[in-house]
Amino acid sequence: MRYIKKIIIGIFTVTILSGLVGCTRLNEINTDVFYVKVTQDGKERKEPYIKNGEKKIFIYYQYENVDAYDKNGKEIKVRFTSDKKQLRKDSYLEIRVRDTKEDTTNEIISYKEVNGDDVPNNIKIKLDR
């Protein structure tokens, strides 16, 4: 009986932990993967806010009208922000975009820096122009 109880508790724990881990990536469902290359510094933006009655300033960096390509070479324009620091110049980013539109600048859902070797060759050639 104790053995069965331990198995049930173990299964329950694994199920809960799996659900929590999966929720962190929930916003990436139904997104398309594109690649960008950071070629210039983002524009510094400052937003005032109040925390515990004290005025503070939130600083972030905005990147506008950046060329992005999917694995098939489709090009779109994207905009995104980086909190707290500039992104490293000449770095490659894998970005996630939902509801891509070719005639406007797209907001991205998430991004992560990737190694140049992880970018498809046909896309890397376009980004390195």
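The values are calculated or read from the model by the stated rules, or taken from the named source; none is laboratory data. As the structure is a computational prediction, the values presented were derived from the model and not from experiment. Because the Cβ atoms are built from the backbone with ideal geometry, glycine has one as well, and the counts that use them run over all protein chains shown.
The C-beta contact set for segment 43-67 (first residue within 17 Å of SER91 (Cα to Cα), second residue in a loop (DSSP other than H, G, I, E, B) and among the hydroxyl-bearing types (Ser, Thr, Tyr), distance under 9 angstrom, 6+ apart or interchain) comprises VAL66/THR39.
Each row is one residue, and each column tells you yes or no for (1) of a type in the set (Phe, Trp, Tyr); (2) modelled with pLDDT of 90 or more.
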| residue | (1), (2) |
| --- | --- |
| ARG2 | no, no |
| GLY10 | no, no |
| VAL14 | no, no |
| VAL21 | no, no |
| ASN27 | no, no |
| VAL33 | no, yes |
| GLY42 | no, yes |
| TYR49 | yes, yes |
| THR81 | no, yes |
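Of everything in segment 83-110 that is within 22 Å of LYS46 (Cβ to Cβ) and under 11 Å from the mean Cα position of the chain (by Cα), the residue that is modelled with the highest pLDDT is ILE108.
Does PHE80 qualify as being under 14 Å from the mean Cα position of the chain (by Cα) and free of Cβ contacts under 8 Å to residues at least 40 places away in the same chain? Steps first, answer last, please.
Values: under 14 Å from the mean Cα position of the chain (by Cα): yes; free of Cβ contacts under 8 Å to residues at least 40 places away in the same chain: yes.
The answer is yes for PHE80.
Identification of strands (runs of 3 or more DSSP E) wholly contained in segment 44-129 with 2 or more residues that are loosely packed, with under 12 Cβ neighbours inside 10 Å yields 54-69.
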